[in-house]
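Novice: One structure is given below, represented as structure tokens, and several questions about it will come after.
The values are calculated or read from the model by the stated rules, or taken from the named source; none is laboratory data. What you see is a predicted model; the values in this text were computed from it and never measured. Quick reminder, even Gly has a Cβ in these numbers, built from the backbone with ideal geometry, and neighbours come from all protein chains shown. Side chains included, ligands, DNA and RNA excluded: accessible areas come from the protein's heavy atoms. Shrake-Rupley method; radii C 1.70, N 1.55, O 1.52, S 1.80 Å.
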Amino acid sequence: MTKIVLFENIHPSASEVFNSAGFTDIKTFPSALVGDELLNEVKDATVIGIRSRTQLEEKVLEHAQAARVVGCFCIGTNQVDLDYAMQKGVPVFNAPFSNTRSVAELVIAEAILLLRRIPEKNMRVHAGFWDKTAQGAFEARGKTLGIIGYGNIGSQVGTLAESMGMSVSFYDVEAKLPLGNAKSCASLAQLLADSDVVTLHVPGGAETENIINERTLAQMKKGAIVINASRGTVVDINALDAALESGHISGAALDVFPVEPKSVEEPLDSPLKGKDNVILTPHIGGSTQESQENIGREVAEKIVSYLQNGATKSAVNFPEISYLPSTGTQRIIHVHKNVPGTMAGLSNVLAEHGFNISGQQLQTRSEFGYAMTDVDKPITEPVLKALRALPGTLRCETLPL
Ligand code: NAI
């Protein structure tokens, strides 16, 4: 029986996918578990579903003897010991793209609000002032949006911006196919000089640290707007603060920060708090009901596909094999160390027991290999035992007929 445990209030869309695929033994928990409570719940689970708070370190995975697959119903996978999971032959899946649209919509909304100076006007009305003026307020139509990082989110922002009549330029370190009428800029300096609104959609890390700094802010048009919903490290906050103070930059929206509070009670420490025409949000760019639902469905579908046909496409720690229709009666999945002779050993065991291989796929990833083999008749227990005894074997299973 396939036992599924889902921690941390994973969206019900995941259970819907499991149920409709016939996996009905599902236990859900509203929060993360730790210590013995966690060990108890994972010990006989085939599928472990978590979000960002459950720590699946080596000790927990070692205890989870029946685990065949882990689902991270979120973007990040740092909370799982991915190498150890690989050594146990357990693929880990996540949902890297389910909140793309949510981030893109927030960025568009912020661009419009900042162009109209709404954050400042909103604060003034709350404080009792009725400053009815068109001064410094602009339409988005006809303005240029400069996108730094034209990946999943950046390109989606560009598509939405064009539908409102904005001109879209982007700068990316990789060659990217422009969508719609978007224009690729040869240099970051060119993009900054041309744009009325600059939005960042790059990964974090040393390569992108402080892309927006005193020098690059000075390259922007006077009155430009800066939006960052990517990673907190990409904007030098003090330099942005100075540019807002001088009026060179007329507005900013930040959803991510170099250091973010760890709990709801902890206030954000930032010089930008209380500033005119600045929107500060608590890293909620991707946090919508729709994205949670999409994440539930996306990860559950990947897990079902793995359980039913062995597909590991987009697993974060595993050699990737896409869905392949069955070419035989039974499918065997074999996870092994990537050393010479393993595939020959597998074929020999099958041949010795009179099996014909009707289809086979192999993918390797550094020191690991993953083979999917279809044979012409059901595998018996002694054959499975012989396959598991092959040198270098980490895991061998047969999939349902
Ligand atoms: P992606 O990987 O699809 O796109 C990133 C793009 O940036 C790639 O095209 C890459 O070539 C480009 N790039 C890398 N270094 C660059 C550089 N130095 N200059 C210009 N371009 C560069 O990533 P995706 O999914 O679009 O995510 C973008 C960012 O948004 C990530 O940092 C991610 O962590 C963040 N994010 C934030 C969320 C929020 O809640 N605020 C939610 C989801 C993602």
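Novice: Does MET86 satisfy being more than 16 Å from the ligand (Cβ to nearest atom) and touching a Phe, Trp or Tyr at 6+ places or on another chain (Cβ under 8 Å)?
Specialist: yes
Novice: Within the range 306-323, which residues are in contact with a strand residue (DSSP E or B) (Cβ under 6 Å, 6 or more places away or on another chain) and among the aliphatic types (A, V, I, L, M)?
Specialist: Listed by number, the residues that qualify are ALA315, VAL316, ILE321.
Novice: Let me ask something additional. Restricting to the range 321-338, give me the number of residues that are within 26 Å of TYR84 (Cβ to Cβ), in a strand (DSSP E or B) and over 27 Å from the mean Cα position of the chain (by Cα).
Specialist: Residues flagged as within 26 Å of TYR84 (Cβ to Cβ), in a strand (DSSP E or B) and over 27 Å from the mean Cα position of the chain (by Cα) within the range 321-338 amount to 5.
Novice: Out of curiosity, is ALA229 assigned by TED's automatic domain parsing to the domain that holds LEU106 and either more than 13 Å from the ligand (Cβ to nearest atom) or within 25 Å of ARG101 (Cβ to Cβ) (or both)?
Specialist: Yes.
Novice: Let me ask something else. State all residues of the range 300-320 that are in contact (Cβ under 8 Å) with a residue 60 or more places away in the chain, surrounded by fewer than 20 Cβ atoms within 10 Å (Cβ to Cβ) and closer than 22 Å to TYR84 by Cβ; if no residue qualifies, say none.
Specialist: SER314, VAL316
Yes/no matrix, rows are residues, columns are (1) among the basic types (Lys, Arg); (2) more than 23 Å from SER287 (Cα to Cα); (3) touching a Gly at 6+ places or on another chain (Cβ under 8 Å):
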residue: ASN9; (1), (2), (3): no, no, no
residue: PRO12; (1), (2), (3): no, no, yes
residue: LYS27; (1), (2), (3): yes, yes, no
residue: SER31; (1), (2), (3): no, no, no
residue: VAL42; (1), (2), (3): no, yes, no
residue: THR46; (1), (2), (3): no, yes, no
residue: GLU57; (1), (2), (3): no, yes, no
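Novice: Of all residues in the range 140-185, which are open to solvent by 40 Å² or more (accessible area, probe 1.4 Å) and aliphatic (A, V, I, L, M)?
Specialist: Passing the criteria: ILE153, MET164, VAL173, ALA175, LEU177, LEU179.
Novice: Related question: Going through VAL259, VAL234 one at a time, which residue ends up being under 26 Å from the mean Cα position of the chain (by Cα) and open to solvent by 30 Å² or more (accessible area, probe 1.4 Å)?
Specialist: Testing whether each residue is under 26 Å from the mean Cα position of the chain (by Cα) and open to solvent by 30 Å² or more (accessible area, probe 1.4 Å) leaves just VAL259.
Novice: Test ASP276 against the criterion of being in contact with a helix residue (DSSP H, G or I) (Cβ under 8 Å, 6 or more places away or on another chain), touching a residue at least 60 places away in the same chain (Cβ under 8 Å) and either under 28 Å from PHE73 (Cα atoms) or hydroxyl-bearing (Ser, Thr, Tyr) (or both), and give yes or no.
Specialist: Considered against the rule, which asks whether it is in contact with a helix residue (DSSP H, G or I) (Cβ under 8 Å, 6 or more places away or on another chain), touching a residue at least 60 places away in the same chain (Cβ under 8 Å) and either under 28 Å from PHE73 (Cα atoms) or hydroxyl-bearing (Ser, Thr, Tyr) (or both), ASP276 comes out as no.
Novice: Quick one: what pairs do we get from the range 221-234, first residue hydroxyl-bearing (Ser, Thr, Tyr), second in a loop (DSSP other than H, G, I, E, B) and more than 9 Å from the ligand (Cβ to nearest atom), C-beta under 7 Å, 6+ apart or different chains?
Specialist: THR233/GLU209; THR233/PRO258
Novice: Which of the residues that make up the range 100-116 are more than 16 Å from the ligand (Cβ to nearest atom), open to solvent by 50 Å² or more (accessible area, probe 1.4 Å) and part of a helix (DSSP H, G or I)?
Specialist: The answer is ILE112, LEU113.
Listed here are the residues, each with its yes/no results for (1) under 14 Å from the mean Cα position of the chain (by Cα); (2) modelled with pLDDT of 95 or more; (3) open to solvent by less than 20 Å² (accessible area, probe 1.4 Å).
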| site | (1), (2), (3) |
| --- | --- |
| ASP36 | no, yes, no |
| GLU58 | no, yes, no |
| LEU61 | no, yes, yes |
| ARG68 | no, yes, no |
| GLY71 | yes, yes, yes |
| ASN78 | yes, no, no |
| MET86 | no, yes, yes |
| SER98 | yes, no, yes |
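Novice: A further question on this structure: Would you check which residues across the range 45-88 are of a type in the set (Phe, Trp, Tyr) and part of a helix (DSSP H, G or I) and list them?
Specialist: TYR84
Novice: Does PRO267 qualify as being surrounded by fewer than 19 Cβ atoms within 10 Å (Cβ to Cβ), away from the ligand (no atom under 16 Å from the Cβ) and part of a loop (DSSP other than H, G, I, E, B)?
Specialist: yes
Novice: Those residues that are under 19 Å from ALA175 (Cα atoms) and either open to solvent by 50 Å² or more (accessible area, probe 1.4 Å) or away from the ligand (no atom under 13 Å from the Cβ) (or both), I need them from the range 186-205; list them, please.
Specialist: ALA186, GLN190, PRO203 - these are the residues of the range 186-205 that are under 19 Å from ALA175 (Cα atoms) and either open to solvent by 50 Å² or more (accessible area, probe 1.4 Å) or away from the ligand (no atom under 13 Å from the Cβ) (or both).
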